[in-house]
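All of the numbers you see were taken from the coordinates with simple rules; none came from a lab. Small disclaimer: the values here were computed from a predicted structure and weren't measured. Here Cβ is always computed from backbone atoms with ideal geometry, including for glycine, and neighbour counts include all displayed protein chains.
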Number of protein chains: 2
Amino acid sequence: MSDISDYMNKLGEQARKAAAHLARVTTKEKKLALESIARVIDENRSSLLEENEKDLQTGEQNGLDAALLDRLALNESRMDSMLEGILQVANLPDPIGEITDLKYRPTGIQVGKMRVPLGVVGIIYESRPNVTADAAALCLMSGNAAILRGGSEAIHSNKAIAKCIAQGLESAGLPSTSVQVVETTDRAAVGALITMPEYVDVIVPRGGKGLIERVSNEASVPVIKHLDGICHVYIDDDADNKKAIDVAFNAKTHRYGTCNTMETLLVSKLKAAEVLPELAVKYSEEGVELRGCQLSRDILPQAKPATEEDWKTEYLAPILSIRIVDGLDEAIEHINTYSSKHTDSIITENFTKARRFLNEVDSSSVMVNASTRFADGFEYGLGAEIGISTDKFHARGPVGLEGLTSQKYVVLGDGHIRE
Amino acid sequence: MSDISDYMNKLGEQARKAAAHLARVTTKEKKLALESIARVIDENRSSLLEENEKDLQTGEQNGLDAALLDRLALNESRMDSMLEGILQVANLPDPIGEITDLKYRPTGIQVGKMRVPLGVVGIIYESRPNVTADAAALCLMSGNAAILRGGSEAIHSNKAIAKCIAQGLESAGLPSTSVQVVETTDRAAVGALITMPEYVDVIVPRGGKGLIERVSNEASVPVIKHLDGICHVYIDDDADNKKAIDVAFNAKTHRYGTCNTMETLLVSKLKAAEVLPELAVKYSEEGVELRGCQLSRDILPQAKPATEEDWKTEYLAPILSIRIVDGLDEAIEHINTYSSKHTDSIITENFTKARRFLNEVDSSSVMVNASTRFADGFEYGLGAEIGISTDKFHARGPVGLEGLTSQKYVVLGDGHIRE
């Protein structure tokens, strides 16, 4: 344990030093470094596959299920997208150094805000080795040093990718400690990483709910976290039926395992008989299991009864709960009670109700006449995302480069003193 | 203890409910509520003074020193400024509901950000009863509910002010639980307040370093905190002598007890002989004790020797430490090592060095040719401040209404689905 904590302290110290350097590098240097990292990874494809094979074999021996093994596996096309991801980040606008709102004050001083890196970002993630390259790119481009802690099942792959990153950094003239991968699989390393505020400025956990809950409960460092995605679509009295059916179908069936997938459909009672039967046919063609409140089961007798538990459940599966509500007020109340504050959408042609929904639903993304599946860093134009925050402090919703930065005040004068 | 925790939970629940209401009220309603609170306080001046007198008497009996008793005391002119403060906040632009960056994406959806309240703000403060009115006004105007925990020495004054606030809220039609003062002096109440993330979204401690350290160490809720103010002025080789002397004098002597007061003066060795003698005369006229490094004592033999401890000390007193440095690099290194990341200023006519200082000094306010005393919410145009954050996460530097808000994404479509 004390060895682990010494080791983590060393990583922390090195990261802090690298961060001081990174805060000063130019956009061009960061871009070159990312390109250089991509090049080194590209040159080492075969050795990355070899290391990944070790992880896959250990995984099989340890009885990992097929889905986990699939997430763990690298192949040529996944390496292609890893490289593409790095180069995409390298071409994003650099947020660092941007000065905004520079204004003269009555005293004659000019006051503005300059965007600066947070410092050191700790990322804790599971199985997918491509997160190593992804997260490293986002941290670097936002001027932050990174300490990456992947899952033990991917340790060989992660170490191999880390080696490429370090080599890429060095050949671009940046400190190789700008991105460090924790090379021990000891769980105590996570405990240390999330409790060293002197070295780490923010933790981003990426993975299952268990991991994120553990990290947020035990961290003494700020955490950008996202627990559940219990997303709603509400079909209002004044919805256009075609839009309602299109969006409710897309929000559930476009992908089942993503956090921005709709889990509960709310329908105004005036609209239910018009849209539910057609929707039920479409869902049934996709094999989606329906669970409904009593009123909705009067229209859709094939639906199973929904329990209180259903309103609180992120299925991540072809299951949908349906509730008929009196109207907008009850819909907003249901959402603010059961939603995980991720993403919720109203389908309506009514201006005033759309405006109320946008104002009163307390979620990180609120939508009108659009599928919840749009809640995503790429779709929002952030270029990439390091996570989706369902908290309100610091960053909310999809977190891109800007979420990994802060703003300091700059004051310009000409010998100004305070009278 | 369990009584206290029940009591605090009740306050928390009520605050959460009030916050849901406050998030929806209009600018006009908030403005009217603040005006109504000011009116009720104005009508109850004599009873406020009576309650304050109780605190003063208890304070004297408990042997509080004169400075503390002075901070505790209300009088007509302090009540005037309390009212003025509330009305000033009532006239600030309302940050809530502002939608920015609403742009079309290639898919056809529009994506923007809407400013929303954080929810429930807990404020923990010491002696000065005017903070009760101040903090309540800032929280309300930013659409947040507030739970206020003042010092036990001001309990009668705080309860009396709280009563006026509740009455003002009610007569303006807002929930009286929008602002709640903790009515027990039991210290366990603080422990409870900072560990109920289900009810409290952020804690702002205002007071001495001991209080802030305790709160930040023990809180499981985000904290907007500011520990020390160890601020520097660096007089560069290329400084204009008059600006250098004016700013260095003002930054130290304008007020001694404030966090934005300069505590250490750094002077480039090429400039030292030109500015230090005149500055020393001016400081000595104000009774400022000088403590210097060896090089500076060669020029100012009257200065006491400065120790390593001096570079780390926030004197809050007429004491100044002086260090002669080789130039900009050493100045930046000294500042990034010893500064509390509050406010640091360079005096120079050199464009490139000014630019480097702004970029490379890692403090919440970085200045060129201006007194550190300008680091203040009013001077920066925030209208008022709830504190000065020396953290990077969420808010950095003076925190006004905007620091008590967050942004959610709004997405507008016309039946858009994700392909």
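Multiplying each eigenvalue of the alpha-carbon gyration tensor of the protein assembly as shown by 5 and taking the square root yields semi-axes of 47, 38, 23 Å, largest first, rounded to whole angstroms. Each of A:ASP6 and B:GLU330 was given a label point 7 Å from its Cα along the Cα-to-Cβ line. The distance between the two points is 3.6 nm. Grab the beta carbon distance between A:ARG24 and B:GLU308, set R0 = 22 Å, and tell me the FRET efficiency rounded to 0.05. The formula returns an efficiency of 0.25 here.
According to the calculation over all Cα-Cα pairs in the range B:223-322, the P(r) per 10 Å bin from zero is 16, 52, 27, 4, 1 %.
Binning all Cα-Cα separations of the range A:134-179 at 10 Å, short to long from zero, yields these whole-percent fractions: 27, 57, 15, 0.
Shape analysis of the range A:94-253 based on the Cα gyration tensor places the equivalent ellipsoid semi-axes at 33, 29, 17 Å, largest first.
Note on chain B: Kirkwood hydrodynamic radius from all Cα pairs is 23.4 Å, rounded to one decimal. Counting beta carbons within 10 Å around each of B:THR343, B:THR313 and listing the fewest first gives the order B:THR313, B:THR343.
For the range A:351-419, the ratio of Cα radius of gyration to the globular rule of thumb 2.2 N^0.38 Å stands at 1.65. Applying the Kirkwood pairwise sum to the alpha-carbon positions of the range A:162-232 produces a hydrodynamic radius of 14.1 angstrom.
For the range B:72-161, what log10 I(q)/I(0) values come out of the Debye formula at q = 0.20, 0.21, 0.22 1/Å, with one point per alpha carbon and no solvent? The Debye formula, applied to the Cα set alone, gives -0.95, -1.01, -1.07. Computed from backbone phi with θ = phi - 60° and the Karplus coefficients 6.51, -1.76 and 1.60, the 3J(HN,Hα) list for the range A:103-109 is 9, 6, 9, x, 6, x, 6 Hz; x is used for glycine and proline. Estimated purely from DSSP H runs of n ≥ 4, each contributing -39500 (n - 2.57), the mean residue ellipticity at 222 nm for chain A is -13500 deg cm²/dmol once divided by its residues. Between copies, the label points at A:GLU53 (set 7 angstrom from Cα along Cα-to-Cβ) are spaced 9.1 nm, reported in nanometres from shortest to longest.
Using the alpha-carbon positions of the range B:158-279, Rg (one decimal) and Dmax (whole number) come out as 22.6, 66 Å. Once the Cα atoms are used to define both axes, helix A:130-141 deviates from the longest principal axis of chain A by about 70 degrees. For A:GLU289, the point set 7 Å out from Cα toward Cβ sits 7.6 nm from its twins in the other copies, listed from shortest up.
Computed over the Cα atoms of the range A:262-365, the ratio of the radius of gyration to the Kirkwood radius (Rg/Rh) comes to 0.95. Ordering A:TRP311, A:GLY168, A:ALA273 by Cα displacement along the dipole of the protein assembly as shown toward the positive end leaves A:ALA273 in first place; charges were set at the Cβ atoms of Lys, Arg (+1) and Asp, Glu (-1). For B:GLU349, the label point sits 7 Å beyond Cα toward Cβ; its separations from the matching points on the remaining copies run 7.1 nm, from shortest to longest.
Per residue, the convex hull spanned by the Cα atoms of the range B:287-419 measures out at 193 cubic angstrom. Return one number: the angle in degrees, 0 to 90 and rounded to the nearest 10, between the long axis of the Cα atoms of helix A:272-285 and the longest principal axis of the Cα atoms of chain A. It is inclined by approximately 60 degrees.
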